[in-house]
Amino acid sequence: MKTFLFIVIVLISGAFAGLIHGTVNFAIVEPYLDQVIGIENQNLFASGEEKDTPEFWVEYEGYRIWQKSGQMLAGVILGTSIGALFGIVFALSRNSLPGNNDVKKALVLAGIMWFTMFVIPFLKYPANPPTVGDPETVVLRSILYLSFITISGFGVVGFYKLSQKFQNKRKLVPIIGYGIFISVVFFVMPENPDEITAPIDWVNEFRIMSFLGVTSFWVSIGVILGFFWNRFSPNKETTQSYN
Amino acid sequence: MSETRQINVSKTGVSKLAIVVLAIIFAAGLFLVGFDQGHIFSLVYGEQAFEDLYIHELTHDMRHAAGFPCH
């Protein structure tokens, strides 16, 4: 394997997919964030925690610009990070993935990772806009969210490995096994402890946009890494000669 | 008369170095965007970093949009 080339195409793929994710978010999620943060501000004024003064709005505009400008940058960083994991898994599983070219193989893997590491955790712990969430519970919620993703991801790998020991029904074993396993985990894991205080319609619309944004990342990473892999073949063997 | 033998060793496996490098990038990036609450800058600025939350605010919108618990 060409190590340097492999690392480079994985990181570039992740960064591009992350940039697309950030751009999609900027277009479809930001308007909801602005609306919900507007409600948050009204709540602050109503509770007396803040006063509706020009100074407040100057400070508010300052940090909202900082937050919005970070959307793209954070997209690239997160994309590079998740892309690195995707690259590792793709390199290790490529020979087992269905498809007659690397784009199809990468899209199959992206679909599996999207479903097990995003969709299933999202059903249990969906994205929430800024007004939802008690700062006191953020550590607990982070642990629950990360744990569920980790359990789900390792669950798939475990049942895939287990299925290789079976002569027959190799495809059914991981699907049924993972389905039962993750269903149990889904009901055993604690619920998000925070109440939803924002209007539920807005929260649901925000969640749909969030879902579309993350989905755009997984489609992009599959297409881009698959294309680069087809083009540069980092897996082609390197030969060392000894005299 | 001397004889030269050539042995070719083919390497087709996944580079362990690449896996280590990518795993570090994965963990660092995920922490930075998803979970930092001032921890990284606290290495330089101390406790003040937990008040300023520069990285938290910079990644705030992506954190919410990507489904991470934020605050």
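Pairs meeting the criteria (first residue in region B:31-45 and farther than 18 Å from A:Leu146 by Cα, second residue aromatic (Phe, Trp, Tyr) and part of a helix (DSSP H, G or I), beta carbons under 7 Å, at least 6 apart or on different chains) are B:Gly38/B:Phe50; B:Phe41/B:Tyr54; B:Ser42/B:Phe50. Taking each residue of region A:162-175 that is under 15 Å from A:Pro98 (Cβ atoms) and looking for partners that are open to solvent by less than 100 Å² (accessible area, probe 1.4 Å) and part of a loop (DSSP other than H, G, I, E, B) with beta-carbon atoms closer than 8 Å, six or more apart or interchain, yields A:Arg170/A:Gln164. Within region A:193-231, track down each residue that is modelled with pLDDT of 90 or more and of a type in the set (Ser, Thr, Tyr). Selection gives A:Ser210, A:Thr215, A:Ser216, A:Ser220.
Of all residues being part of a loop (DSSP other than H, G, I, E, B) and among the small types (Gly, Ala, Ser) in region B:27-71, which is surrounded by the most Cβ atoms within 10 Å (Cβ to Cβ)? Just the residue, please. In this case the residue turns out to be B:Ala66. Of all positions in region A:34-54, none carries a residue that is among the hydrophobic types (A, V, I, L, M, F, W, C), at the interface with chain B (Cβ under 10 Å from one of its Cβ atoms), surrounded by 16 or more Cβ atoms within 10 Å (Cβ to Cβ) and closer than 30 Å to A:Ile112 by Cβ. Which residues, counting only those in region A:119-168, are outside any helix (DSSP H, G or I) and either in contact with an Asp or Glu (Cβ under 9 Å, 6 or more places away or on another chain) or surrounded by 13 or more Cβ atoms within 10 Å (Cβ to Cβ) (or both)? Listed by number, the residues that qualify are A:Tyr125, A:Pro126, A:Ala127, A:Asn128, A:Pro129, A:Pro130, A:Thr131, A:Val132, A:Gly133, A:Asp134. Checked against (1) under 29 Å from A:Ile7 (Cα atoms); (2) open to solvent by less than 20 Å² (accessible area, probe 1.4 Å), A:Ile77 passes all but a single condition, namely (2).
The values are calculated or read from the model by the stated rules, or taken from the named source; none is laboratory data. On a predicted model such as this, the values are computed, not experimentally measured, just so you know. Counting neighbours? That spans all protein chains shown, and the Cβs are built from the backbone with ideal geometry, glycine included. Each accessible area value is taken on the protein alone, full model and side chains, heavy atoms only, with ligands, DNA and RNA left out. Shrake-Rupley method; radii C 1.70, N 1.55, O 1.52, S 1.80 Å.
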